[in-house]
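Visitor: Got a structure for you, questions after.
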Amino acid sequence: MPSRPLASLIPAAATSDGAGVRLYRSLGSQRGLRLDPFLMLDEFFSDDPGDYIAGFPSHPHRGFETVTYMLDGHMRHEDSAGNRGDLGPGDVQWMSAARGIVHSEMPQQEAGRLRGFQLWVNLPAAEKMRPPAWRDIPSALIPTVPLEGGGQARVVAGSFEHAGSRHAGPVGGLSTEPLYLDIRLPAAARLQVATPAAHNALLYIYEGEAGVGPDAQAIPHRHAGLLGPGGHIDIRAGAAGAALLCLAGRPIGEPVAQYGPFVMNTREEIEQAIDDYRTGRLQSG
Ligand code: CO
């Protein structure tokens, strides 16, 4: 199988969400800018509390999963199902909103750096109305694979084969079979990541820059590089090294109807979600 080429670039657009949290949105920054099964990818990164202190007060979700991965800082999650969790550096929260949840995500710091990512992963029609599920994954449960030359790969979801060993992340068993790697490479280092040929894949560069594919086509800082078909991903770090997310998953192949925090298959289902939220049925089991 060939090496996946770069198919297109999405620059992360500076925007704000929640009660005014400044962030950089690549996937989901424009209507239809998705890569099945991934709907949205946000990077939040600021040393200025004015950019994040207002957080994400109570808001609903239905029809998909939200994945929060913290690099720096602390955020507390609370939801309508009674779950509470505190996310610190390196921790992950994997929440399947499914039929509905109302949650808040609030910074637990008044100074310093807040940095991390939120990824939205779609659910197939057959799973959109299942009961919600929620998991906090402490950093210690995420395998960190040392790479040649001082790099590393953290395996948040799926499995990563390297130097003859297979490393499985704490999240598995999902129908979209997501691969979620956080990779750090020193200058000019190379890495190959195997991906099932039928899956979609992308890289998001959050430090430095990297090249991808047989011709090492450049993906600049704060860009998502959507990859074409192939059996594996060849990554080459730029002259200053690179830190990046490597995401892949099985495409769902169903119509997507989205209205803000609701992602269903049809407009009627969106209207139902809005009505259910207004009348309190969305979050009531
Ligand atoms: Co949310």
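Readers should treat all values here as calculations from the given coordinates under stated rules, not as data from a laboratory. Predicted model only: the values in this text are computed from it and were never measured. Here the Cβ is made from the backbone with ideal geometry for all residues, glycine too, and neighbour counts use every protein chain on show.
Visitor: Which percent of Cα pairs goes in each bin when the distances of segment 142-254 are cut into 10 angstrom slices starting at zero?
Guide: That works out to 15, 49, 31, 4, 0, in percent per bin.
Visitor: Write down, largest first, the equivalent ellipsoid semi-axes of the chain in whole Å, where each equals the square root of 5 times an eigenvalue of the alpha-carbon gyration tensor.
Guide: So the equivalent ellipsoid measures 30, 22, 17 Å along its semi-axes.
Visitor: Among Ser8, Ser46, which comes first, then next, by fewest other beta-carbon atoms within 10 Å?
Guide: Ser8, Ser46
Visitor: Using 0.36 nm per residue of separation minus the Cα-Cα distance, give me the extension gain between Arg278 and Met1 in nm, one decimal. Present the calculation step by step, with values, prior to reporting the outcome.
Guide: On the way: separation 277, 0.36 × 277 = 99.72 nm, distance 4.97 nm.
My answer for the length gained is 94.7 nm.
Visitor: Order by neighbour count: Arg4, Arg236, Arg84, Arg281, fewest other Cβ atoms within 10 Å first, most last. Numbers along the way, then the final one.
Guide: Numbers: Arg4 27, Arg236 18, Arg84 11, Arg281 14.
Listed from fewest to most nearby Cβ atoms, that is Arg84, Arg281, Arg236, Arg4.
Visitor: Helix 267-278: angle to the longest alpha-carbon principal axis of the chain, degrees 0 to 90, nearest 10?
Guide: Roughly 60 degrees between the two axes.
Visitor: As a test of the formula, what do you get for the chain when each DSSP H run with n ≥ 4 contributes -39,500 (n - 2.57) and the sum is divided by the residue count, at 222 nm and rounded to the nearest 500 deg cm²/dmol?
Guide: Numbers: 1 runs with 12 residues, N = 285.
It lands at -1500 deg cm²/dmol.
Visitor: What order do you get for 263-271, 91-99 when each peptide is scored by the mean count of other beta carbon atoms within 10 Å, highest first?
Guide: Numbers: 263-271: 17.0, 91-99: 22.9.
Listed from highest to lowest mean packing, they are 91-99, 263-271.
Visitor: Also, quick follow-up: What is the magnitude of the charge dipole of the chain about its Cα centre, with +1 placed on the Cβ of each Lys and Arg, -1 on the Cβ of each Asp and Glu, and no other charges, expressed in debye to the nearest 20?
Guide: 380
Visitor: Also, I was wondering about something else. Test of understanding: what is the full-extension gain from Gln217 to Ala140, defined as 0.36 nm times their sequence separation minus their Cα-Cα distance?
Guide: 24.3 nm
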